[in-house]
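The values are calculated or read from the model by the stated rules, or taken from the named source; none is laboratory data. Because the structure is predicted, anything quoted here is derived from the model rather than measured. Protein only, heavy atoms only, side chains kept; ligands, DNA and RNA dropped before computing areas. Shrake-Rupley method; radii C 1.70, N 1.55, O 1.52, S 1.80 Å.
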Amino acid sequence: MYRVIKVLNNNGILVYHVETGKEMILLGNGVGFGKKPTEQIEKLPGAKVYSLVTRRKQESVLKTVNGIRPEFIEATGKIIEEAENVFQKINHEMLLPLADHIALAAKRAKENRQLPNPFTPDIRVLFGEEYQVALKGREIIQQLTGHEISEDEVGFITLHIHAGLSDEAVSQTLDATRIVNEGIAMIEQEFDQKLESGSLGCTRLMSHMYYMILRTRKGEGTNADFNEFIFQNYPRTGEAAKRVCDYMSRQLKQPVAKEEIGFLAIHIQRVISPDTV
């Protein structure tokens with residue numbers, strides 16, 4: 001049983017779920033039509049249910065919802081549906097944080113201001129499927145709100161989608177992307193070689209570095225130990241991998257397992273000289 005708190009528009013309502021004592025948003029065609037505050041309603045067929053969290057912990061759900069125009073909440077719901085079509089399951093609690101971000105992105109677009117995202121190319125490589133959903137999200141935002149957001153904003157939306165699929169916060173994913181970006185730059189500088197972004201080898205290298213960061217954050221290592229092989233056969237690559245691992249350790253403020261050096265070096269060697277490993 002739900003009690004209506006606020007009608008957002010014909011396609012959305014903010015409700016109080018009597019059984020759980022939690023505020024939720026219901027989205028779907030016509031779910032808000034004819035509804036009134038305090039009205040008691042049963043479950044609505046076809047309505048999507050979103051449990052809610054706010055970006056600022058001290059802020060009430062109602063205050064957050066009041067600060068976001070309904071069309072942005074509706075657009076966000078449709079983006080989440082697009083993500084579900086690809087990934088089957090995604091955390092619905094991302095609704096308000098993402099809607100809040102989209103509303104601010106639209107405001108920036110209207111004022112001809114940009115929020116630079118220098119890691120958009122890396123985000124596109126690391127989270128390709130999420131990025132494709134975010135591109136569809138840009139179309140949805142245009143259709144429902146009339147605002148056209150930038151490619152950098154698509155990158156930020158990608159991070160929100162990834163956060164909805166994982167235990168990572170958006171800020172953690174962005175920080176990991178930054179570390180990967182810097183690691184790639186270190187490798188390029190060491191070998192005086194520009195890596196081909198989007199190539200299979202570079203994509204695998206970046207993905208490997210990203211999951212290295214996740215393992216390190218969790219205090220995990222890898223069972224594969226290629227250190228002896230690497231330093232005997234490709235010592236320069238081994239030293240480059242060690243420098244990247246040392247950099248990661250400093251950034252993450254925790255040690256990267258020594259076995260990661262050789263494992264990373266294998267991926268580096270495959271990119272800089274594909275025929276050698």
*What 222 nm value per residue comes from the helices of the chain, counting each DSSP H run with n ≥ 4 as -39,500 (n - 2.57) and dividing by all residues, nearest 500 deg cm²/dmol?*
-18500 deg cm²/dmol
*Taking all protein chains together and a probe of 1.4 Å, list 275, 175 from the most accessible to the least accessible.*
275, 175
*asked:* Under 8 Å for C-alpha pairs, at least 6 residues apart: give me the relative contact order for the chain, rounded to a whole percent.
replied: 12
*So what are the ³J(HN,Hα) numbers for the range 161-176, from phi and the Karplus equation (6.51, -1.76, 1.60; θ = phi - 60°), rounded to whole Hz, Gly and Pro as x?*
5, 4, 4, x, 9, 9, 8, 7, 7, 4, 5, 5, 5, 5, 5, 4
*Near the amide H of residue 226, under 5 Å away, which other amide H atoms are found, from residues 5 or more places off or on another chain, if H is placed in the peptide plane?*
262, 263
*Accessible area of the chain belonging to carbon and sulfur atoms, whole % at 1.4 Å probe*: 48
_Per residue accessible area in Å² of the range 155-222, where ligands, DNA and RNA are left out and the probe is 1.4 Å_ = 45
*asked:* Over the range 4-81, with the other protein chains present, what is the accessible area per residue in square angstrom, probe 1.4 angstrom?
replied: 54
*Computed accessible area, residue 276, all protein chains, 1.4 angstrom probe, square angstrom*: 60
